[in-house]
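Here is the structure we will look at, set down as structure tokens.
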Amino acid sequence: MLLKKMQKKLISIYFLLILSFSQSSSLANNSDFDTWVKSFKIQAVKSGVSEKVVDEVMSKVIFLPNVIKYDRFQPEFYEDTRTYVKKRTNKKKVKKGLALYKKEKSTIDKIEKEFLVEKELLLALMGIETNFGKYLGKMDIVSSLATLSFDKRRSEFFTKELIILLKLVDQNVIDRKILFGSWAGAFGNFQFMPRTIQNYAIDYNKNTTIELKKTEDSFASAANYLNKIGWKKNTPCFIKINLDISIPNKYLNSSAANIKNKKKVIYFKKYIKNYNDLKINKNLEAAIITPDIDIVPGANTYAPAYLIFSNYEKVLNWNRSLRFALAVCTLKNNFKNEI
Ligand SMILES: [Ca+2]
């Protein structure tokens, strides 16, 4: 009995200790964050953003602990390919995309012609990124970017993104009152990061601001981006293959960071069991990906496997995840059969 009481007491002391420790560490975090904000503001002004905009935009910035949690737990890092792609390319999604296309047909058709990018691809990207504008994100992206800049993991990258965002506000290109988006600082129907806005977004309807939550500007900006990075209309993105186990490991890509060992399709002939059934130009340059190897414990080394082409790598520019690009191109194909 006495022992149990002592145990209880010890447990409660233990929890009190944990509680006070976590409180003091979060206080420490806050003051560290404030110090970071001060030095960031100096850096932003030095980079050419006006003091007025830096003060205004950074005045309400806060540290968002959830952003760090999301950063460490992205579905691209743990879902197997089949689950990831299936979840994001189902019939419901196709139906929703078709409804949007029907409503905005003249604008989308015009943009397709002007920028030489298939409407099915634009719809697929919007469908995967935000479920056709339904999940635009409600995070204050200035605070998201500030949190990720303060965090050590990719500090340099996010600091640059935040400075670009401040510059865009300073130049009146985007309205700071609508800067709500994803936990990672992406914004609008197609989830553009600030640098993508700076380099590729356009004011398509010429009303002086870029509105990435509206159809005209967001579709034209996405199409312009794909066109500029070299998307080739009417050429394939990927094709599923059955690999022979004799294939040397060096030809299997499992990371989106660096696609290696690209060869003409014909080069891989002896390693592909369904080679004769592949309805593609065998002189196209391709690489082989096996996306589950590094992520799914005990995954089969040879399945699923895909031949990927230059267009697939353009989608990786958008989001460097093998599964993301597979999902986008699969949804694009699903639209192709419907439009
Ligand atoms: Ca506009």
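Any read-out appearing in this document is the output of simple, stated calculations on the displayed coordinates, not a laboratory observation. Small disclaimer: the values here were computed from a predicted structure and weren't measured. Because the Cβ atoms are built from the backbone with ideal geometry, glycine has one as well, and the counts that use them run over all protein chains shown.
Using 0.36 nm times the number of residues separating residue 96 and residue 35, minus their current alpha carbon distance, what extension gain do you get? Walk me through the numbers on the way to the answer.
Numbers: separation 61, 0.36 × 61 = 21.96 nm, distance 4.61 nm.
Using 0.36 nm per residue and subtracting the Cα-Cα distance, I get 17.3 nm.
Working out 0.36 nm times the residue gap between residue 229 and residue 199, then minus their Cα-Cα distance, what length gain in nm do you get to one decimal?
9.7 nm
Expressed in nm to one decimal, what extension gain is obtained for the pair residue 206 and residue 282 from 0.36 nm per residue of sequence separation less their Cα-Cα distance?
23.0 nm
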Exercise. Round to the nearest 10 and give me the degree value, 0 to 90, for the angle of helix 105-115's Cα axis relative to the longest principal axis of the chain.
Key: 80
Exercise. Could you list, in their original order, any pairs among 273/332; 232/314; 46/177; 206/314; 86/250; 240/260 whose Cα atoms are separated by more than 21 Å?
Key: 273/332; 46/177; 206/314; 86/250
Exercise. Name the residue farthest towards the positive end of the dipole of the stretch 24-173 from the options 169, 68, 83, assuming +1 on Cβ of Lys and Arg, -1 on Cβ of Asp and Glu, about the Cα centre.
Key: 83
Quiz item: Relative contact order for the chain using alpha-carbon pairs under 8 Å, separation at least 6, rounded to a whole percent?
Solution: 19
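Let me know the shape class of the stretch 58-214, please: from the alpha-carbon gyration tensor, a ≥ b ≥ c as square roots of the eigenvalues, rounded when a/c is under 1.5, otherwise prolate if a/b is greater than b/c, or oblate.
Verdict is oblate for the stretch 58-214.
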Practice problem: Return the FRET efficiency for the residue pair residue 43, residue 69: r is the Cβ-Cβ distance, R0 is 35 Å, and the value is rounded to the nearest 0.05. | Solution: 0.85
Quiz item: Percentage of Cα-Cα pair distances in the stretch 245-335 greater than 20 Å, rounded to whole percent?
Solution: 36
Quiz item: Pick from 207, 253, 319: which residue has the top mean-square fluctuation in a GNM of the chain where Cα pairs under 10 Å get a spring?
Solution: 207
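Grab the DSSP H runs of the chain that are 4 residues or longer, score each as -39,500 (n - 2.57), total them, divide by all residues and round the 222 nm result to the nearest 500 deg cm²/dmol.
Using -39500 (n - 2.57) per qualifying helix, the result is -16500 deg cm²/dmol.
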Practice problem: Evaluate E = 1/(1 + (r/R0)^6) for residue 154 and residue 60, where r is the Cβ-Cβ distance and R0 equals 30 Å; express this FRET efficiency to the nearest 0.05. | Solution: 0.80
Quiz item: Quick one: net charge of residue 270's neighbours, Cβ under 14 Å, K/R +1, D/E -1?
Solution: +4
Quiz item: Mean 1/r over all different Cα pairs, inverted: what Kirkwood radius does the chain give, in Å?
Solution: 22.5
Quiz item: Taking the Cα centre of the chain as the origin, how large is its charge dipole in debye, to the nearest 20, when only Lys and Arg (+1) and Asp and Glu (-1) carry charge on their Cβ atoms?
Solution: 1120
